[in-house]
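Reviewing the structure listed below.
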Amino acid sequence: MRLSRYFLPILKETPKEAEIVSHRLMLRAGMIRQQSAGIYAWLPLGHRVLNKIQRIVEEEQNRSGAVQLLMPTIQPADLWRESGRYDAYGKEMLRIEDRHEREMLFGPTNEEMITDIFRSYVRSYKDLPLNLYHIQWKFRDEVRPRFGVMRGREFLMKDAYSFDLDKERSTEAYHRMFVAYLRTFARMGLTAIPMKADTGPIGGDLSHEFIVLASTGESEVFLDKDILGLPIPGEDTDFDGDLSGIIEQWTTPYAATDEMHDEAAFGAVAEDKKVSARGIEVGHIFHFGTKYSEPMGAKVMTAEGKEVPVQMGSYGIGVSRLLGAIIEACHDDDGIIWPKEVAPFHVGLINMKAGSECDEVCESVYAELEKAGVEVLYDDRKTSAGQKFASMDLIGLPYQLVVGPRGLKTGEVEVKDRATGDREMLTPEAAVNKLI
Ligand SMILES: Nc1ncnc2c1ncn2[C@@H]1O[C@H](COS(=O)(=O)NC(=O)[C@@H](N)CS)[C@@H](O)[C@H]1O
């Protein structure tokens, strides 16, 4: 992509309303623009990252056996009356009336709607297990939206819903999602710790939050340091097999959010292993049995000919929140440092002197890299080199390839690793080969 033809409204000043670094950097790097409280436009650079995060989430949901669909954002209030949550949900619910004065709402979550879809088609235990998910915008009228996309009012969530015949199988579904979450966040360059959590308005008897440790996190957490070094389940994990060993390994060391903290149990942790910190909740999984299937009549016929309400769970990931969480975990004083898997582009190509002999070398390495499938943002603008370096450091692409008159005197260009700061002078060919 040539920057002269892109749309990257970088801000010179730090917006005063931004209280945390990820909010500041997303605004300055031209990734989002607030359109009203807690509601954002996703500008091209932010949208590119959002799509990459979404793709990783989809890949790991699919690997675990979940099936993707897409439910609407606008829901009929009647569904929520069936579950009894319409009034209980309170002021966070954005209630809408259509032209026929029918009561609708902008969905904050989809337990009722997915249960309605399930009960319309599934009647037999032979159709189970089933896990249906979508990635869809949600609306929660937060009383105090803040920290940019971290606590928005309109936000993108992956929400999955599992349906099983009995508690034992439903727990296996919960385990599949638990393992899928361990893989998902690790692939984004994050360390997200599963912690026993409260079930809140979603309900149920079992819940874990996945927390990224960050000083600006809203959650207060307590953990045993041993959990930080556990291995992430591999691509070859058998999701149809017994995952209890992995679950055991990840739920043995103490880890709890403040709502579930047990001071006595934490006391058993060795002093040098105790960690209390703040964290960002990037995922939350729940097992809630028949809380929705009972009142909404989502039942299946068992092999013995008995009708039973299905056992359910729901599994959320804050897809848009993850951009903020990743930046909180991956930045320095000069700006963002994107993990390679979610970076909006892989290489920032900097022409230090547009209109000079640098142009020809830039055009050729740009063509070579693009041909090899490397995503390049080519800063071909006629602005100063200093501005170009500052912008590239701010938007945090993993590599910078710098073409300048001095380097070309010895037939060399410079490759900079944004994360380590390491610089290397190479011939253009060697630079291209290093970056492919
Ligand atoms: N206001 C918000 N802004 C941005 N992300 C949010 C917001 N509220 C929740 N999230 C993200 O969405 C995830 C799931 O939300 S949740 O309420 O915990 N769970 C559910 O809604 C269930 N229906 C999961 S299917 C959270 O872990 C968090 O990462």
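So the values come out like this:
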item	result
Single residue of 248, 281, 235 found to be over 30 Å from residue 82 (Cβ atoms), among the charged types (D, E, K, R) and outside any helix (DSSP H, G or I)	235
Helices (runs of 4 or more DSSP H) lying entirely in the stretch 63-133 (those with 2 or more residues that are within 26 Å of residue 174 (Cβ to Cβ), of a type in the set (Asp, Glu) and out of contact with any Pro (no Cβ under 8 Å at 6 or more places or on another chain))	111-121
Residue check, residue 364 under 22 Å from residue 159 (Cα atoms) and part of a helix (DSSP H, G or I)	no
Residue in the stretch 387-400 that is of a type in the set (Lys, Arg) and farther than 24 Å from residue 327 by Cβ present	no
Some residue of the stretch 321-339 being farther than 30 Å from residue 209 by Cβ, more than 16 Å from the ligand (Cβ to nearest atom) and among the aromatic types (Phe, Trp, Tyr)	no
Residue count for the stretch 389-408, restricted to those that are touching a residue at least 60 places away in the same chain (Cβ under 8 Å) and out of contact with any Phe, Trp or Tyr (no Cβ under 7 Å at 6 or more places or on another chain)	3
Checklist (1) within 14 Å of the ligand (Cβ to nearest atom); (2) within 20 Å of the chain's Cα centre (by Cα) applied to residue 173, failing item	(2)
Test result for residue 189, within 13 Å of residue 288 (Cβ to Cβ) and either surrounded by fewer than 20 Cβ atoms within 10 Å (Cβ to Cβ) or more than 10 Å from the ligand (Cβ to nearest atom) (or both)	no
Test: residue in the stretch 346-357 that is aliphatic (A, V, I, L, M) and farther than 22 Å from residue 8 by Cβ	no
Residues being part of a helix (DSSP H, G or I), of a type in the set (Val, Ile, Thr) and over 18 Å from the mean Cα position of the chain (by Cα) - total across the stretch 176-202	1
Selected residue (only one of 113, 150 is farther than 26 Å from residue 279 by Cα, within 16 Å of the ligand (Cβ to nearest atom) and either touching a residue at least 40 places away in the same chain (Cβ under 8 Å) or surrounded by fewer than 20 Cβ atoms within 10 Å (Cβ to Cβ) (or both))	113
Checklist (1) modelled with pLDDT under 95; (2) farther than 18 Å from residue 7 by Cα applied to residue 383, failing item	(2)
Close pairs (8 angstrom Cβ cut-off, 6 or more residues apart or separate chains): farther than 13 Å from residue 292 by Cβ in the stretch 76-89, among the acidic types (Asp, Glu) and at pLDDT 95 or above anywhere	76/103; 77/103; 78/103
Selected residue (criterion: farthest from the ligand (Cβ to nearest atom)) from residues of the stretch 261-291 that are surrounded by fewer than 19 Cβ atoms within 10 Å (Cβ to Cβ) and within 24 Å of the chain's Cα centre (by Cα)	276
Those residues of the stretch 363-402 which are hydroxyl-bearing (Ser, Thr, Tyr) and buried (at least 22 other Cβ atoms within 10 Å of the Cβ), in sequence order	366, 378, 391, 399
Evaluation of residue 278 against (1) farther than 29 Å from residue 66 by Cα; (2) touching a Lys or Arg at 6+ places or on another chain (Cβ under 9 Å) (one fails), failing number	(2)
Any hit, the stretch 213-226, residues being more than 16 Å from the ligand (Cβ to nearest atom), within 26 Å of residue 161 (Cα to Cα), outside any loop (DSSP other than H, G, I, E, B) and polar (S, T, N, Q)	no
The stretch 116-141, residues that are touching a helix residue (DSSP H, G or I) at 6+ places or on another chain (Cβ under 7 Å) and within 13 Å of the ligand (Cβ to nearest atom)	131, 132, 133, 135, 140, 141
Residue ID - farthest from residue 124 (Cα to Cα), chosen from residues in the stretch 284-308 that are out of contact with any helix residue (DSSP H, G or I) (no Cβ under 9 Å at 6 or more places or on another chain) and part of a loop (DSSP other than H, G, I, E, B)	290
Test for residue 95: is it more than 24 Å from residue 70 (Cβ to Cβ), among the basic types (Lys, Arg) and either within 9 Å of the ligand (Cβ to nearest atom) or without any contact (Cβ under 8 Å) to a residue 24 or more places away in the chain (or both)	no
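Conditions (1) more than 30 Å from residue 237 (Cα to Cα); (2) under 18 Å from the mean Cα position of the chain (by Cα), marked per residue:
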| position | (1), (2) |
| --- | --- |
| 23 | yes, yes |
| 39 | yes, yes |
| 44 | yes, yes |
| 49 | no, yes |
| 58 | no, yes |
| 62 | no, yes |
| 71 | no, no |
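The values are calculated or read from the model by the stated rules, or taken from the named source; none is laboratory data. In this text the structure is predicted, and so the values were computed from the model without any measurement. Heads up, the Cβs are rebuilt from the backbone with ideal geometry, glycines too, and the neighbour counts pull from every protein chain shown.
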